[in-house]
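First comes the structure, then the notes that go with it.
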Amino acid sequence: MDVNNTKLSLRFSATGLVVEGNSPAQRLISFIDTILRGVGQVMLQNNSYAGFIFLIGIFYNSALFGLAVLIGTAASTATAILLAVDRTQIRQGLFGFNGALVAIALLYFLEPNLLTWGYVIVACSFSTVFMAALLNLFNIWKLPTLTAPFILTTLCFVLACARFGRLHSTNLLPIAGLPQAATVEGIVTTSTVLEGLFNGIAQVFFQGNVITGVIFAIGLLVSSRLAFLTALVGSLTGVVLAWGMGAAEHAIRSGAFGFNCVLTAIAICSVFFILDTASAIYGLLAVITTAVAFAAISAALQPIGMPAMTAPFVIVVWLFVLASPVFPRLRRA
């Protein structure tokens, strides 16, 4: 589809809008499309349609979090533009998705007020610098940065609040203390599994809402059928493994063991490797490892009262990507 006049020239591609020209209106439309791609890249999708659907899912659950994602993505993307980052990387949303996650995490853990919003914008802008630094560093090993800038930026800015008396916690952070032995709590039912399946997808954006998870799944389907299928398999694997290992029912239902598995499954089986028997087995092993890593990292961070966030996904994918050259059966995408 083409729309052409003296002021505006754009066309719709399979992944979003293609804007031709440099008028103020065209730059604005291009920026909006870039923001939506940044939202889509949270689930490794360079697709503004998927990003728009993800936004619908977030706003369905919370207008506050929806606004946080928009502002966070815009702040980190605008910083990249002002610093003249490579235009292709910006247009793919690569300098937006960490800002989206930083904003939603800080608004999840901190009481929203004017000072907090200013703090969020600074943090999101910093995530762009962190992203650039890691891109430069990891280029040596051809390693993706993934959501590492989000994790480290959020850890820094949340921990700093212990010394900033005007920033107040929402009391949603884990309770600091030494890890205690887990006990099997609750009875896992079909409802637990189904809710855990879609909450696992929703929790990628810190959203604990089944309908939001379904909307996210639709967004993945619009972008890539393979990403859609691997996300479902990843979330279900996290649910089943947590159930089998005796995790608490409420943790399984909430999707806590699923969201990192969702990202790992998408990354290994639909982004970094060509899907075949070898990569499917490799991906399944990575997803199982991610669920175990989530339990381990959650326990390790409990003494400082910080959540694992997407650290299990990042660490596992880094390890599996770094190991792949040794395994000749694996074909890089």
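Of note:
- For the range 136-199: rounded, prolate or oblate by the Cα gyration tensor [a/c cutoff 1.5]: oblate
- Simple point charges give the picture: +1 on the Cβ of Lys and Arg, -1 on the Cβ of Asp and Glu, and for the range 17-141 a dipole about the Cα centre of about 120 debye.
- In a reduced charge model with +1 at each Lys and Arg Cβ and -1 at each Asp and Glu Cβ, the chain shows a dipole moment near 620 debye about its Cα centre.
- Residues residue 323 and residue 12, FRET efficiency given R0 of 35 Å [Cβ-Cβ distance, rounded to 0.05]: 0.30
- Between residue 142 and residue 245, the contour length at 0.36 nm per residue exceeds the Cα-Cα span by 33.6 nm.
- Rg and Dmax of the chain, Cα atoms only, in Å: 19.6, 68
- Among 133, 73, 246 - extreme Cα towards positive end, dipole of the chain, charges at beta-carbon: 133
- Neighbour count of at most 15 Cβ within 10 Å plus DSSP loop: longest trypsin sites (Lys or Arg not before Pro)-free window in the chain: 167-328
- Gain in span if fully extended, residue 276 to residue 175, counting 0.36 nm per residue against the direct Cα distance: 32.1 nm
- Three-way shape label, the range 194-293, alpha-carbon gyration tensor, a/c 1.5: oblate
- Compared with the alpha-carbon gap, the fully stretched path from residue 214 to residue 164 is longer by 14.2 nm at 0.36 nm per residue.
- Each residue of the range 28-43 was assigned a 3J(HN,Hα) from its phi angle through the Karplus curve 6.51 cos²θ - 1.76 cosθ + 1.60 (θ = phi - 60°); the sequence is 5, 5, 4, 5, 4, 4, 5, 4, 5, 5, x, 5, x, 5, 4, 10 Hz, with glycine and proline shown as x.
- Checking every one of the GluC sites (Glu not before Pro) in the range 168-273 against DSSP loop status and a limit of 12 other Cβ atoms within 10 Å picks out 185.
Where a number appears in this text, it was derived from the coordinates with a stated rule and is not lab data. Owing to the predicted nature of the structure, the values given are computational and were not obtained by experimental measurement. Note that we place each Cβ from the backbone using ideal geometry, even for glycine, and neighbour counts take in every protein chain shown.
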